[in-house]
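Colleague: First the structure, which I've put down as structure tokens, then a few questions once you've had a look.
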Amino acid sequence: MVTARDAAVALAEHIAGSTTEFVRLMNEKVSELGLKHTAFKNVHGLDEEGHYSSAYDMAMIGLELIKHEQILKYSSIYEDYVEHPNGNKTWIVNTNKLINYYDGVDGLKTGYTSNSGYCITVTAKRGNMRLIAVVMGEADNKIRNQDIITMLNYGFANFKLETILDKNADLGYTNVSFGSIPQVKLKLQEDAVDLVNVLDEYNYSYEIIKEEVTAPVKVGDIVGKVQIYANDTKISEYNLTVEKDVKKANILEFYRRNLNNLLKGCL
């Protein structure tokens, strides 16, 4: 029988060559994320001196994890069968029972040790809003699940995501020095949104801050910012990129463009 601990060790060794190296990579990642209350000592999460995390840090780790959307494809499976080479099948069932009866839940991870108690990091999405909730140190899994439901109910009932600018919004053009084309459209890398109480109302505005752009430039390169204001107070900032790649102009393109500019100046 393969235990969850065995599976974690096998996965760590496959990815990093050893559990020691995998632990180093995990600690390196939480440091990059700026998390101050997490330290890993092993790959399986069982109790060990100096191995710990916090509810906030687990929420931030969950937030980073769901950037890889494929994880939700697997964490949302409630039950399945694993077929062995000899034809036998093993039934596996998700320990996150909320997937089966709470609308919108599609992950992420349950846990239990004698020191930590019953823990869970849950994510749920309704409409355009996704929430992450974490509880730790619960007496049993029923209390754990009920507390998470209470948190999710509160979040979905009292908050909403206000879309200020979607990523396809028309934000004008920026000049491209030495580009094969002189200008290119600006695009947001993601929707500009604000999490607000359902009872609150805001007047939104935005300001575009352009950077100097020199070809070549590719989609995904940051070429400016959009600063978002609510009731004249800056609340957030989003990166701008370009709508399409712009190559560096060749000599013929430079000559043709300069000639056109010269002729226009003579008219």
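The values are calculated or read from the model by the stated rules, or taken from the named source; none is laboratory data. None of the values given here were measured: they were computed from a predicted structure. Reconstructed Cβ throughout: ideal geometry from the backbone, glycine too, with neighbour counts over all protein chains shown.
Colleague: Every residue in the stretch 97-130 that is surrounded by 15 or more Cβ atoms within 10 Å (Cβ to Cβ), more than 14 Å from GLN146 (Cα to Cα) and not polar (S, T, N, Q), please.
Modeller: GLY104, ASP106, GLY107, LEU108, LYS109, GLY111, TYR112, GLY117, ALA124, LYS125, MET129, ARG130
Colleague: Give the residue that is modelled with the highest pLDDT, with candidates limited to residues of the stretch 49-96 that are in contact with an Asp or Glu (Cβ under 7 Å, 6 or more places away or on another chain), surrounded by 15 or more Cβ atoms within 10 Å (Cβ to Cβ) and of a type outside the set (Gly, Ala, Ser).
Modeller: Across the stretch 49-96, the extreme among qualifying residues is LEU72.
Colleague: Something else now. Of all helices (runs of 4 or more DSSP H) completely enclosed by the stretch 3-114, which ones contain at least 3 residues that are in contact with a Ser or Thr (Cβ under 6 Å, 6 or more places away or on another chain)? So that I can check it myself, show each step before the final result.
Modeller: Working: elements: 4-16, 19-32, 55-65, 70-75, 98-101.
The helices (runs of 4 or more DSSP H) meeting that bar are 55-65.
Colleague: I'm trying to understand the selection: among the residues of the stretch 138-188, which are of a type in the set (Phe, Trp, Tyr), surrounded by 13 or more Cβ atoms within 10 Å (Cβ to Cβ) and over 15 Å from ILE208 (Cα atoms)?
Modeller: Result: PHE156, PHE159, PHE178.
Colleague: Right, next: Right, THR90: farther than 30 Å from ASP191 by Cα, of a type outside the set (A, V, I, L, M) and within 21 Å of the chain's Cα centre (by Cα) or not?
Modeller: Answer is no for this residue.
Colleague: If you don't mind, another one. Can LEU65 be described as free of Cβ contacts under 8 Å to residues at least 40 places away in the same chain and either out of contact with any Cys (no Cβ under 8 Å at 6 or more places or on another chain) or outside the structural domain of MET151 (by TED's automatic domain parsing) (or both)? Give the steps one after another, and end with the answer.
Modeller: Numbers: free of Cβ contacts under 8 Å to residues at least 40 places away in the same chain: no; either out of contact with any Cys (no Cβ under 8 Å at 6 or more places or on another chain) or outside the structural domain of MET151 (by TED's automatic domain parsing) (or both): yes.
Answer is no for this residue.
Colleague: Could you identify the single residue in THR121, THR150 that is at pLDDT 95 or above, β-branched (Val, Ile, Thr) and under 20 Å from the mean Cα position of the chain (by Cα)? Please lay out each step first, then the result.
Modeller: Values: THR150 fails: under 20 Å from the mean Cα position of the chain (by Cα).
Selected residue: THR121, the only one of THR121, THR150 that is at pLDDT 95 or above, β-branched (Val, Ile, Thr) and under 20 Å from the mean Cα position of the chain (by Cα).
Colleague: What residue, among those in the stretch 234-267 that are charged (D, E, K, R) and at pLDDT 70 or above, is farthest from LEU186 (Cα to Cα)?
Modeller: So in the stretch 234-267, the residues charged (D, E, K, R) come out as 234, 237, 243-245, 247-248, 253, 256-257, 264.
Checking which are at pLDDT 70 or above leaves us with 234, 237, 243-245, 247-248.
Details: LYS234: 21, GLU237: 15, GLU243: 6, LYS244: 9, ASP245: 11, LYS247: 16, LYS248: 18 Å.
Of everything passing the filter in the stretch 234-267, LYS234 is farthest from LEU186 (Cα to Cα).
Colleague: State which residue is nearest to ILE164 (Cα to Cα) when the search covers only the stretch 192-249 and only residues that are in contact (Cβ under 8 Å) with a residue 60 or more places away in the chain and part of a loop (DSSP other than H, G, I, E, B).
Modeller: The qualifying residue nearest to ILE164 (Cα to Cα) is LYS244.
Colleague: Run down ALA139, ALA157, ALA133 and say which single residue is more than 24 Å from the chain's Cα centre (by Cα), closer than 30 Å to LYS97 by Cβ and hydrophobic (A, V, I, L, M, F, W, C).
Modeller: Numbers: ALA157 fails: more than 24 Å from the chain's Cα centre (by Cα); ALA133 fails: more than 24 Å from the chain's Cα centre (by Cα).
Checking each option against the conditions leaves just ALA139.
Colleague: Say whether the condition of being touching a residue at least 40 places away in the same chain (Cβ under 8 Å), hydroxyl-bearing (Ser, Thr, Tyr) and under 17 Å from ALA55 (Cβ atoms) is met by at least one residue in the stretch 107-120.
Modeller: Scanning the stretch 107-120 turns up at least one residue that is touching a residue at least 40 places away in the same chain (Cβ under 8 Å), hydroxyl-bearing (Ser, Thr, Tyr) and under 17 Å from ALA55 (Cβ atoms).
Colleague: Could you figure out which of (1) outside the structural domain of GLY220 (by TED's automatic domain parsing); (2) in contact with a helix residue (DSSP H, G or I) (Cβ under 7 Å, 6 or more places away or on another chain); (3) in contact (Cβ under 8 Å) with a residue 24 or more places away in the chain isn't true of SER180?
Modeller: So SER180 meets the others, but not (1).
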